[in-house]
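Single-structure report; data block below.
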Amino acid sequence: MDAESIGGGGTPRAARRKQWSAELLLAYQSLGVVYGDVATAPLYVFKSAFAGGDIEHSAGNEEIYGVLSLVFWTLTLIPLLKYVFVVLRADDHGEGGTFALYSLICRRVRAGLLPGGDVPAGRPREGDTPATRLSAVRAALERHRVLQRLLLLLALLGTCMVIGDGVLTPAVSVFSAVSGLELSLNNEQHEYILLPVTCAILVGLFTLQHYGTHRVGFLFAPIVCLWLLCISIIGVYNIIHWNPHVYRALSPYYLYKFLQKTQTGGWMSLGGILLCITGSEAMYADLGHFSQSSIRIAFTSAVYPALILAYMGQAAYISRHHNFDNINNIGFYVSVPEKIRWPVLVIAILAAVVGSQAVITGTFSIIKQCCSLNCFPRVKIVHTSSTVHGQIYIPEINWILMILCLAVTLGFRETKHLTNAQGLAIITVMLVTTCLMSLVIVLCWNKNIVFSLGFLLFFGAIEVVYFSASLVKFQEGAWVPITLSFIFMMVMCVWHYGTIKKYEFDVENKVSISWLLNLGPSLGIVRVRGIGLIHTELMSGIPAIFSHFVTNLPAFHQVLVFLCIKSVHAPHIRPEERFWVGRIGPKQYRLYRVVVRYGYRDAPKDDIEFEKDLVGSIAEFIRCGDSDDKNGSLDSTADHSYERLSSISKGLPFQEGSEITGSDSSILSPGNQMYQNAIAPKVKRVRFVLPQGAQIDSEVRSELQELTDAREAGMSFITGRTHMKAKSGSGLVKRIAINFIYEFLRRNSRGSVTAANIPHASSLEVGMVCQV
């Protein structure tokens with residue numbers, strides 16, 4: 001055996017040991033972030049299964065054994081087999097969730113309905129093999145627009161149900177944890193204590209969101225570990241003390257006997273039993289924060305065994321006790337020894353808060369993804385941690401969730417209707433994941449369609465049974481997630497429809513480049529010092545707002561940049577592929593186009609860093625000339641002589657000196673104070689740092705000098721403030737969607753200037769009315 005295989009500081013064995021240590025640490029941390037929801041499910045699963053009166057606890061124990069068997073096989077088939085061993089493999093560059101599956105499909109198939117969401121022209125698609133090119137499924141998706149819309153609606157449905165789960169899970173978890181007070185208080189007392197205590201905890205939970213998860217995140221994993229240890233010990237104690245033979249109920253024979261005896265009642269009780277897998281989707285949705293192996297290790301070695309022991313312990317206790325005063329007392333706390341009931345109550349409340357926190361954070365994350373892909377109105381997104389990726393806070397969504405959460409808690413006043421509502425939301429998300437995953441198997445993994453159909457039919461059949469059992473309780477609380485999903489779906493669909501129509505209007509009304517070139521290098525106006533950034537959704541042509549602008553103002557900047565910010569169907573874009581720069585017209589026009597690409601989970605930089613990267617990318621483009629760089633080019637118009645975008649892997653660095661107070665008012669349009677404030681920020685001294693030995697000709701040096709002078713004069717942002725209006729003769733539905741709903745959402749959402757972190761002092765909006 002050689003020395004390398006024995007070990008040492010830099011040997012492969014030491015590297016493997018270090019890698020395993022890192023994986024175990026991630027697995028430990030994932031307990032607090034991913035598994036808080038599913039870990040607290042034993043608080044209410046048995047109670048929910050019996051609470052509806054669909055089944056009764058008889059002396060023969062067929063019901064309790066059947067419920068335990070169903071819980072065991074549901075936990076084994078859905079979270080363990082489906083998510084841990086199959087779905088976790090379908091990561092989108094390390095990211096998971098409903099939109100990750102949708103993005104995977106869209107990048108392999110030309111099925112994206114979102115403007116600018118496709119990959120750049122001329123680049124091969126991921127997984128673009130002859131097998132996928134000839135796939136009948138892929139051909140059908142690319143050919144039929146209806147199937148593309150159904151695919152998007154399916155992804156949005158899953159997203160809306162996740163948001164609904166963000167409303168219901170905190171209410172169910174906290175209410176179930178606090179319900180342990182029932183056994184220590186009389187009926188008159190707990191009626192006036194349970195609800196106020198639950199509401200107070202919920203208000204505190206949502207109020208503290210703006211501090212960020214990282215402030216208390218180090219406590220999450222220990223709390224969940226303590227909770228899992230607690231329910232495991234209690235489960236083992238109840239098994240040994242009350243019914244050591246309860247393990248026999250894990251056999252599917254007891255599942256069959258249960259359904260045979262209870263029939264319709266047993267089928268309806270499935271709506272409560274499925275709550276044992278609540279939070280399973282979080283294993284996939286939070287994949288971006290951890291690795292696949294760490295999530296697998298945590299579930300298979302800690303979460304899954306602890307949950308099985310907990311459910312077996314509850315069943316063992318209930319099987320030896322048939323004298324319950326109230327069927328609602330069949331729950332977790334009744335099986336907890338009285339001497340430790342209060343400490344367990346405290347741990348349960350803490351674990352419920354941790355589980356709720358994970359769901360709320362996940363809701364923030366998926367709302368951010370929807371905003372990035374133009375499927376949700378722009379909202380304020382606050383990054384609560386400068387080091388931990390994905391920890392965000394959205395104030396508007398936070399307060400909406402809190403109001404809705406308090407409303408359902410005060411409205412139902414019990415866990416029965418809350419769990420019915422939560423069950424429907426959970427199983428709908430899982431059904432959506434199953435449908436999208438079956439497409440990923442055949443389109444992205446290039447497997448035979450038999451495997452895809454097998455996955456869809458096996459897991460889909462199980463989930464459809466649970467879905468039907470939840471849907472039948474529509475009047476008993478299941479209407480809540482349907483109503484919430486309908487509202488959020490309407491908002492998303494209208495916003496997406498309005499965004500598409502606005503994009504189509506911009507494309508139809510864009511100004512040709514030939515019109516711009518006919519104006520001459522001065523563009524028919526006075527060119528003043530500074531850089532003018534015109535925000536547009538177009539990747540080619542001149543936006544209509546520019547012609548509207550130059551016909552109303554007599555001067556414009558010496559350097560003009562058409563800036564297009566696009567979100568693509570990928571979680572992250574590498575920095576070297578973020579900026580695409582091109583030239584519009586001859587060099588003396590000083591017109592550039594810059595396309596900035598972000599993934600749906602990327603966090604845009606602040607305005608100062610963004611300006612530096614933007615100017616540096618333009619300078620590097622000028623230095624390298626108009627030829628294609630090693631990263632390739634992106635043609636954005638048919639006339640290649642006018643516009644060709646090149647990827648800038650690294651912008652030309654430059655140094656900025658101290659600010660000079662005051663502004664050179666002689667370069668501005670006289671007598672136009674508003675225009676001076678808009679395009680003349682404070683002056684900075686700029687000096688580009690050229691690579692050593694770089695040889696540049698006089699023309700490039702002159703262009704760089706002009707860019708330097710423009711940067712010193714300042715940078716201004718010109719954006720369009722578009723008012724949408726349906727054309728005369730449009731249908732009633734379109735007029736309501738555009739004139740009322742979309743316009744209401746647009747007026748009450750953040751504008752493009754605010755969303756892009758552009759300082760208000762250097763921005764100017766140009767108003768336009770779009771007839772769509």
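The values are calculated or read from the model by the stated rules, or taken from the named source; none is laboratory data. On a predicted model such as this, the values are computed, not experimentally measured, just so you know. Note that we place each Cβ from the backbone using ideal geometry, even for glycine, and neighbour counts take in every protein chain shown. Each accessible area value is taken on the protein alone, full model and side chains, heavy atoms only, with ligands, DNA and RNA left out. Shrake-Rupley method; radii C 1.70, N 1.55, O 1.52, S 1.80 Å.
Tabulated values for the structure
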quantity: R0 of 30 Å, Cβ-Cβ distance Arg149-Gln771: FRET efficiency to nearest 0.05; calculated: 0.80
quantity: Difference of contour (0.36 nm per residue) and Cα-Cα distance, Trp515 to Ala407; calculated: 33.1 nm
quantity: Accessible-area order (highest first, 1.4 angstrom probe) of the listed residues Asp92, Asp506; calculated: Asp506, Asp92
quantity: Extension gain, Leu471 back to Tyr247 (0.36 nm per residue minus Cα-Cα distance, nm); calculated: 77.5 nm
quantity: Listed peptides 465-476, 97-108 by packing density, highest first (mean Cβ within 10 Å); calculated: 97-108, 465-476
quantity: Relative contact order (%) - criterion: Cα under 8 Å, at least six apart; region: segment 231-375; calculated: 41 percent
quantity: Relative contact order for segment 428-473, counting Cα pairs under 8 Å that sit 6 or more residues apart, in percent; calculated: 41 percent
quantity: Stretchable slack from Trp399 to Arg89, in nm (0.36 nm times residue separation minus alpha-carbon distance); calculated: 108.1 nm
quantity: Förster radius 22 Å - calculated FRET efficiency between Lys587 and Val550, Cβ distance, rounded to 0.05; calculated: 0.60
quantity: Packing-based ranking, highest mean first, of 251-259, 17-25, 300-308 given that Cβ atoms within 10 Å are counted; calculated: 300-308, 251-259, 17-25
quantity: Sequence ranges 740-746, 729-735, ranked by mean other-Cβ count within 10 angstrom, highest first; calculated: 740-746, 729-735
quantity: Where labels lie 7 Å past Cα in the beta-carbon direction, separation of Gln263 and Met490 in nm; calculated: 4.1 nm
quantity: Amide H partners (placed H, <5 Å) of Val766, local residues excluded; calculated: Thr719, Gly720, Arg721
quantity: Area of Ser702 that stays accessible when all protein chains are in place (1.4 Å probe, Å², to 10); calculated: 60 Å²
quantity: Residue order for Ser646, Ser512, Ser567 - accessible surface, 1.4 angstrom probe, largest first; calculated: Ser512, Ser567, Ser646
quantity: Asp709-Glu743 pseudo-label distance in nm [points 7 Å out on the Cα-to-Cβ vector]; calculated: 4.6 nm
quantity: Lys339, Lys727, reordered so the largest accessible area comes first (probe 1.4 Å); calculated: Lys339, Lys727
